[in-house]
1. What residues qualify as long-range amide H neighbours of F262, i.e. H under 5 Å apart, gap of 5 or more or another chain, H built at 1.01 Å from N?
2. Set the Förster radius R0 to 25 Å, insert the Cβ-Cβ distance between E14 and R168 as r into 1/(1 + (r/R0)^6), and round the FRET efficiency to 0.05.
3. In nanometres, what is the gap between the two model label sites at F269 and A250, each 7 Å from Cα along Cα-to-Cβ?
4. Helix 98-112 sits at what angle to the longest principal axis of the chain, using alpha carbons and giving 0 to 90 degrees rounded to 10?
5. In terms of Cα to Cα distance under 17 Å, which aspartates and glutamates are near enough to K272, apart from those fewer than 8 places away along the same chain?
6. Could you tell me the number of lysine pairs in region 12-240 with C-alpha atoms less than 23 Å from each other, where the two lysines are 8 or more residues apart or belong to different chains?
7. Can you compute the charge dipole magnitude of the chain about its Cα centre, using +1 on each Lys and Arg Cβ and -1 on each Asp and Glu Cβ, nothing else charged? Give it in debye, rounded to the nearest 20.
8. Using +1 at the C-beta of Lys and Arg and -1 at the C-beta of Asp and Glu, which of P263, L161, N151 has the Cα lying farthest in the positive direction of the dipole of the chain?
Amino acid sequence: MSSTVITKRVSVPELRARKNQEKIVALTAHNSSIARVIDEYVDFILVGDSTAMVAYGLQNTLSITVEQLAAHGAAVVSATSRACVVVDMPFGSYQESPELAFRNAAKLLSVSGASAVKIEGGAVTAPTVKFLVERGIPVVAHVGLMPQYLNTMGGFLAQGLDEESGRRIAADALAHEVAGAFMLVLEGIGEPLARKITKLVSIPTIGIGASPACDGQILVTEDILGLSGSRVPRFVKQYLDGESLIRSAALSYSNDVKSGEFPEARHCFGIKA
């Protein structure tokens, strides 16, 4: 009798049902190595447009393409068996029209094998979310600090700190809920506002620089591993000094090669170790 254990992925309906039940844990990944390691510990993995910054060293998220994110998504899906995989829709791939958004979302899901897409935007993008959901594409909405809007927001600045902007962001959240988004990312907004929105909507909220009251949390994996250099947002908790560990390993390797200690006979073929 086979002892193979089949792992079932966390599904979109399962995540949706977590509201007020169990905290949702999420991290980002853009390659198979990281995705394979974190798969066991998270409920969903976001293949984010932050890949432009953490993988390519770019200053913002605006230049990454559908094709690039689809390829990174495929790597993440292939290396995982448990976590639900969500892929960001990059800047310019959905703003023009719902029809364009559908074509690009369909490409992202078909090429990557991911389960859902994420879209940044206020209430103006809610009709696009509705269009996608009605055609079988699950959508995570993203409001508050939206990196794709950094030029209109004036940079990576906290949002919803005054009454007027707070009302607007709450209205954005409600519009996406009505449109059919199954989850809502709240980024870089005032804690009281994030707490209020979490109570206001019937779908799970995922905080990043928001509130512990959110139904779940997400961070960029490179940030928690200490691999982001000096660019560490205030809302990040670092769990590892990964840069120091890698530097130490690279230094040891360099010293071994220069001294002749590596490779040893056991690392070679055709001779006895």
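Coordinate-derived values only; no laboratory data. Keep in mind it's a predicted model, so treat the numbers as computed, not measured. All Cβ positions, glycine included, derive from the backbone under ideal geometry; neighbour counts span all protein chains shown.
1. Those lying under 5 Å, H to H, from F262 are V257.
2. On the way: r = 31 Å, r/R0 = 1.25.
The computed FRET efficiency comes out at 0.20.
3. A separation of 2.9 nm, rounded to one decimal place.
4. Around 30 degrees separate the two axes.
5. Qualifying aspartates and glutamates at Cα under 17 Å: E261, E264.
6. 14
7. Working: 25 positive and 27 negative charges, 107 e Å.
Around 520 debye, computed over the chain.
8. Farthest along the dipole direction, towards plus: P263.
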